[in-house]
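Scroll down for the structure; my scribbles are underneath it.
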Amino acid sequence: MPVRFRAACDFVEQWHRHHQPPAGHVFSVGAADEKGVLLGVAIVGRPVARHLDNGSTLEVTRTCTDGTPNANSLLYAAAWRAAKALGYRRLITYTQHGESGVSLRGAGWSVIAERPARPGWHRPARPRVDRGNGHIARTLWEAS
């Protein structure tokens, strides 16, 4: 189901274990039960890495569920179908070191790169506040 950005952010605020909601999105999708109760959301936006922002690529910047089995896989698959329907040719996302990626594999995604931990996002020419997501190795995934 489609989900408005504010509702998706509110869900992430309530349920996500280590991230805040992203700053923006291109679209968001949700998983709901038969009564319409939201069980999870996927927020899809432009790629965070500037060199990947080529106009044909989107990034799943957040997924979050209430723990409902298979909801995360359903969201990743739905996000890829929606991105393709909008004319995008590539959809990526990242997992942090220690996350299995089982939901991504279940949705048919593939690992395309391993990224080492970075020392943080702050640079003298581009000051950033530490949000606790630096110093963690990541895995880059692509929908297929």
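I'm told Ala71 meets every condition in (1) in contact with a strand residue (DSSP E or B) (Cβ under 6 Å, 6 or more places away or on another chain); (2) open to solvent by 20 Å² or more (accessible area, probe 1.4 Å); (3) under 21 Å from Gln96 (Cβ atoms) except one. Can you identify the failing condition by its number?
Only one criterion is unmet by Ala71, namely (2).
For segment 112-144, give me each residue that is at pLDDT 90 or above, touching a strand residue (DSSP E or B) at 6+ places or on another chain (Cβ under 6 Å) and open to solvent by 30 Å² or more (accessible area, probe 1.4 Å).
Ile112, Glu114, Arg115, Arg138, Glu142
Can you confirm whether Glu13 is at pLDDT below 95 and not in a loop (DSSP other than H, G, I, E, B)?
Values: at pLDDT below 95: yes; not in a loop (DSSP other than H, G, I, E, B): yes.
When the stated conditions are applied, Glu13 passes them.
Are there any strands (runs of 3 or more DSSP E) wholly within segment 25-144 with 2 or more residues that are among the hydroxyl-bearing types (Ser, Thr, Tyr) and within 12 Å of the chain's Cα centre (by Cα), and if so which?
Counting at least 2 such residues, we get 57-65, 90-96.
Just a yes or no: is a residue in segment 53-60 open to solvent by less than 50 Å² (accessible area, probe 1.4 Å) and more than 21 Å from Arg138 (Cβ to Cβ)?
Yes, segment 53-60 contains a residue that is open to solvent by less than 50 Å² (accessible area, probe 1.4 Å) and more than 21 Å from Arg138 (Cβ to Cβ).
The values are calculated or read from the model by the stated rules, or taken from the named source; none is laboratory data. Predicted, not measured: the structure shown is a model, and the values here were computed from it. Cβ: placed from backbone, ideal geometry, glycine included. Neighbour counts: every protein chain shown. These accessible areas exclude ligands, DNA and RNA; they are computed on the full protein's heavy atoms, side chains included. Shrake-Rupley method; radii C 1.70, N 1.55, O 1.52, S 1.80 Å.
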